[in-house]
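Here the structure comes first, spelled out in structure tokens, and everything after it is commentary.
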């Protein structure tokens, strides 16, 4: 195997003891890409490095999503004023450990990153109207102590169920732990019927934590408007389709829905939101 | 990326026996059963994180405690006749979503396994897997053996219930062994080690089901134990075969009657060492195999 570094650096950021926020491009409720784009826009993130895809992705053509050809990108941005580095990346398809090592090499060698945060949406069976709590997994007792200053759930136990695999965020958190880099993965519940579309409420909860943690001084009015717009759209679906309203009401009262109702809810909400976008 | 040894076993000219999961888990059941019966002791492992995606995360009280990867372990035992080293891999390293080992990672793993084998003076390697064959599930599976050197052909001919590729009708000694079972054979050849892959037969119509096929593992085990001069109690694997037979019979009963009827004709199909004609003609055999193929293609589309 070539020992050549699998990344390209365009410019060397001037950062010390910075933090890295990682969002994956394929994420529930488009949380990863939307939050990373939002941070870059608000903080003036400047692209400075990327991981070359050839070693980690199957490059036999491109996939097409939403009528547009996609290409696996892994790009780093830096925000000098806030001492922050952000990475938006597709999940590699092979050689995961080397890929994640490359992420941390860029972070440590070029940005002197001391803390890592991954963000992600997790599928929830609750309604979008239910209160949502940010969950965090730390990779060290010290990081857990840092998280204790914030209003987030951080005392749970979990083991990967049989037949499933850990998330890439857990893998990255473990690689960081092996390098003694403090890290946490942040998880926001995303209602199952918003997983394939967008969930601005989940984006807001994530950005809110990052704003508090890094003192970003974000004005949330635009995100609040987006949340309100989404809620209004779903309210319209509920008015137009009493059946859908009934299913969501069931979720709101913790009754749960059948598989058939679940599928119908997903289909109608996704179709309606796409049409109105 | 490397091998971690917990201890240095005192072995002399050991034979390496390697097993991975594959069709019907035939190879790994045979190798792991042998390892258990001879009470081989674990002495090292290949560090897995460079090859595999993790299989389990453990979070306690909100803190990531552990990430488990598929294991790749070495074991050793000194038997009366031979010293043995076992390598048991829980998964095959794959690239780009392929099922069996292929590419750089697979090549690296094959080399790591052989690095250890050579370090301890090993000159002979066995790998084990499945041979998909037009046989009926009530038949005793044969063992297909492929060596990595012409010099081993005569030895293989002396194995009981074993065929070479040239014994199999229509193959003319040709074929392919996918995944690490085949790759290890090739890399062993490149590095000057003798290697033989022993593959237990699985009926063509069972290969797509997520079922173990210990009956073929037993055939492999019978060959390996004789070759290695080891006597083991076969009761454990015989019980496993019995349980699996009932499961396969239940599955078979669920096939449509016309398909069962077609498949039952395989009882009379002889494809290996065809020195005499079976009770069905070559034309019948061809049609049976085509029908079976069509049926399972249709089934998989319906799933």
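Values quoted throughout were computed directly from the atomic coordinates according to the rules given, and no laboratory measurement underlies them. Just so it is clear, the structure is predicted and the values come from calculations on it, not from any experiment. No Cβ is skipped: glycine too gets one built from the backbone with ideal geometry, and neighbour counts run over all protein chains shown.
Between residue B:66 and residue A:133, the simple spin-label model (points 7 angstrom out along Cα→Cβ) gives 2.7 nm.
Computed from the C-alpha gyration tensor, the three semi-axes of the ellipsoid equivalent to chain A are 33, 21, 19 Å, from longest to shortest. Put simply, the Cα atoms of segment B:1-86 extend 53, 33, 23 Å along their principal axes, the longest span coming first. Just report the Cα centroid separation between segment A:6-44 and segment B:165-224, whole Å. Taking the Cα centre of segment B:165-224 as reference, the centre of segment A:6-44 is 48 Å away. When only alpha carbons are used to place a centre, segment A:76-91 and segment B:59-99 end up 36 Å from one another.
Principal axis extents of the Cα atoms in segment A:1-135, from largest to smallest and rounded to whole angstrom, are 48, 40, 26. Share of Cα-Cα pairs in segment A:134-274 beyond 28 Å, in percent? Here the long-distance tail beyond 28 Å is 36 percent of all Cα pairs in segment A:134-274.
The modelled label-to-label distance for the pair residue B:211/residue B:158, using points 7 Å beyond Cα in the direction of Cβ, is 3.7 nm. Expressed per residue, the C-alpha convex hull volume of the protein assembly as shown stands at 194 Å³. Once the C-beta distance of residue B:226 and residue B:41 is scaled by a Förster radius of 30 Å, the resulting FRET efficiency is 0.80 to the nearest 0.05. Look at the stretch A:140-152: the mean tally of other chain Cβ atoms within 10 Å of its residues' Cβ atoms is 1.
For the residues of A:162-175, the average number of beta carbons from a partner chain within 10 Å of their own beta carbon is 4. In terms of packing, defined here as the mean over residues of other Cβ atoms within 10 angstrom, the peptides A:74-82, A:187-195, A:147-155 line up highest first as A:187-195, A:74-82, A:147-155. Provide, for q = 0.08, 0.13 Å⁻¹, the log10 of I(q)/I(0) from a solvent-free Debye sum over equal Cα point scatterers in chain B. Values returned for q = 0.08, 0.13 Å⁻¹ are -0.38, -0.97. Between A:120, A:256, A:66, find the one with the highest GNM mean-square fluctuation for chain A; connect C-alpha pairs within less than 10 Å. Per the Cα network of chain A with a 10 Å cutoff, A:66 tops the list.
Peptide B:43-53 shows a mean partner chain C-beta count of 3 within 10 Å per residue C-beta.
In segment B:123-213, inverting the average of 1/r over every pair of distinct C-alpha atoms gives 13.7 Å as the Kirkwood radius.
Ellipsoid fit via the Cα gyration tensor, segment B:56-188: semi-axes of 32, 20, 16 Å, each the root of five times an eigenvalue, largest first. The separation of segment B:117-136 from segment A:158-220, counted between C-alpha centres, amounts to 45 Å.
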